[in-house]
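Below is one structure; the comments refer to it alone.
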Amino acid sequence: MRYDVIVVGAGPAGSVTARFAAKRGAKVLLLERRAEIGIPVLCGEGVSQRIDKWNILESKNWIANKLDGAKIFSPDGTKVTLSKEMAGNETGYVIYRDVFDKELAHLAGKAGAEVMLRSEVIGLVKEGDKIKGVKVRRMKEDFEIEADIVVGADGVESKIGRWAGIDTTVKPNDLETCVQYTFSNVDYPTDYGEFYLGKKIAPGGYIWVFPKGDGVFNVGIGILANFSKPGLALKLLNAFIEKKLPDFKKGIPLRLLAGAVPVAKPVETVRDNLLLVGDAARHADPITGGGITTSLEGGRIAGEVIGDAVEKQRFDRERLAEYEKRWKEAFGQKLLRNYMVKEIMLDFDDKTLNMLADSLKDYSFEEFSTLSLLKALVLKHPTLLMKLKPLIKLSEKKMEKKI
Ligand SMILES: Cc1cc2nc3c(=O)[nH]c(=O)nc-3n(C[C@H](O)[C@H](O)[C@H](O)COP(=O)(O)OP(=O)(O)OC[C@H]3O[C@@H](n4cnc5c(N)ncnc54)[C@H](O)[C@@H]3O)c2cc1C
């Protein structure tokens, strides 16, 4: 078996990469180790409405609910609100992530990519240092498939990058361990996403509440792995629900999931014959842990660059570096800035968080984004947040050098 491109992993990053490469005429194989795309769901299912503008999805079947905005609570309960009225009506969606992932894989298939399930990549095929394809295990059978380009879209646990010699290690202080319930039967009338901060509530992370509509809610927690120990995330989440979200106690638990998100700096994403996309590239937002938007944006860029590479029959690092250049232009600055902000915020104690929230509680934000929140913080606290100031203005070029 031989393909121009093998994409490993049919999450959002892999499916979008496969689709845009196939659209440009490449012969693409999308390999997924699971038996069903999108299952199990490992996601809070919150995403910015910005993705509407990119025209990547065709249906609306994946939308569970449209948010009215976000409410952020400091440890003492002070509330900062970003509402749709302030944000030009553009907020976020709560999605059915399984439907979302299936649609993206469907569109990859429609563009000409071949999709193969229950196919786990267990190694790279190499000739010397040159990557020639992948080793696959499918229903207990092992075999090799050749390709000119291998794409690691294999998520937070990615092995493809490591097998290619890229250091993809995520330090415990760059990894959020998460658990989340989905409850039905909850009488809690809100269409706002809620975020609860505090060293005791969720050390190095936060608790989120996402309304899916009709009394269904995702309630989850992420804590930094270096503060974590077995069972702690679930214990903290249960304690919070017990104390602060009494309406959820009558809820019926339909799902309890556990997973991890990299809140790290991006890694090197290109080698000869190889690219990394999505969580495998550490493209999730270091503040929020959200990785869907960058998976879509990065996947599209990767697919287009791969399409050109196949057309020109050039698979060397220099040619593929176009992908790294373009994702850095698109969202590299944001990732680096938010990584630095994450590091700064880790030093904030609960008292400081309360003080910051208090100063923003009546603020009118210009848009529904972390940048808008950061700009307001810098404006209100120029001395305390001196270190943040240059990050907001830092030019693209300087950012590129720093990544
Ligand atoms: C609890 C939790 C909550 C989250 N909440 C949000 C949120 O609300 N909003 C948001 O934007 N992001 C959220 N994220 C992050 C988001 O889910 C990821 O950033 C996103 O899924 C990254 O997409 P991806 O395609 O890179 O990886 P994934 O979606 O993880 O897909 C990787 C795919 O590769 C497959 N795979 C792995 N190894 C192999 C192999 N060897 N062979 C074949 N297939 C393989 C996997 O089975 C999987 O299907 C959350 C994450 C967690 C864990």
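Assorted remarks:
- Checking each residue in segment 238-266 for being more than 13 Å from the ligand (Cβ to nearest atom) and either under 30 Å from Thr168 (Cα atoms) or buried (at least 19 other Cβ atoms within 10 Å of the Cβ) (or both) picks out Phe240, Ile241, Leu245, Phe248, Gly251, Lys265.
- Any hit, segment 147-165, residues being touching a Phe, Trp or Tyr at 6+ places or on another chain (Cβ under 7 Å), under 26 Å from Thr269 (Cβ atoms) and within 15 Å of the ligand (Cβ to nearest atom): yes
- Test: residue in segment 103-111 that is at pLDDT below 95 and either in contact with a Ser or Thr (Cβ under 6 Å, 6 or more places away or on another chain) or closer than 30 Å to Ala202 by Cβ (or both): no
- Yes/no for Phe73 being of a type in the set (Phe, Trp, Tyr), more than 25 Å from Leu257 (Cβ to Cβ) and more than 17 Å from the chain's Cα centre (by Cα): no
- Answer residue from segment 102-160, given it is among the basic types (Lys, Arg) and under 24 Å from the mean Cα position of the chain (by Cα) and is surrounded by the most Cβ atoms within 10 Å (Cβ to Cβ) among those: Lys102
- Selected residue [in a helix (DSSP H, G or I), out of contact with any Ser or Thr (no Cβ under 9 Å at 6 or more places or on another chain) and more than 15 Å from the ligand (Cβ to nearest atom)] from Glu324, Glu297, Glu343: Glu343
- Whether a residue is of a type in the set (D, E, K, R) and touching a residue at least 40 places away in the same chain (Cβ under 8 Å) was assessed, and Arg337 passes this test.
- Where strands (runs of 3 or more DSSP E) fall entirely within segment 7-90, those with at least 2 residues that are more than 9 Å from the ligand (Cβ to nearest atom), touching an Asp or Glu at 6+ places or on another chain (Cβ under 9 Å) and farther than 30 Å from Asp142 by Cβ are at 63-66, 69-73, 79-83.
The values are calculated or read from the model by the stated rules, or taken from the named source; none is laboratory data. Keep in mind that what you see is a predicted model, and the values were worked out from it rather than measured. Note: ideal-geometry Cβ built from the backbone for every residue, glycine included; neighbour counts use all protein chains shown.
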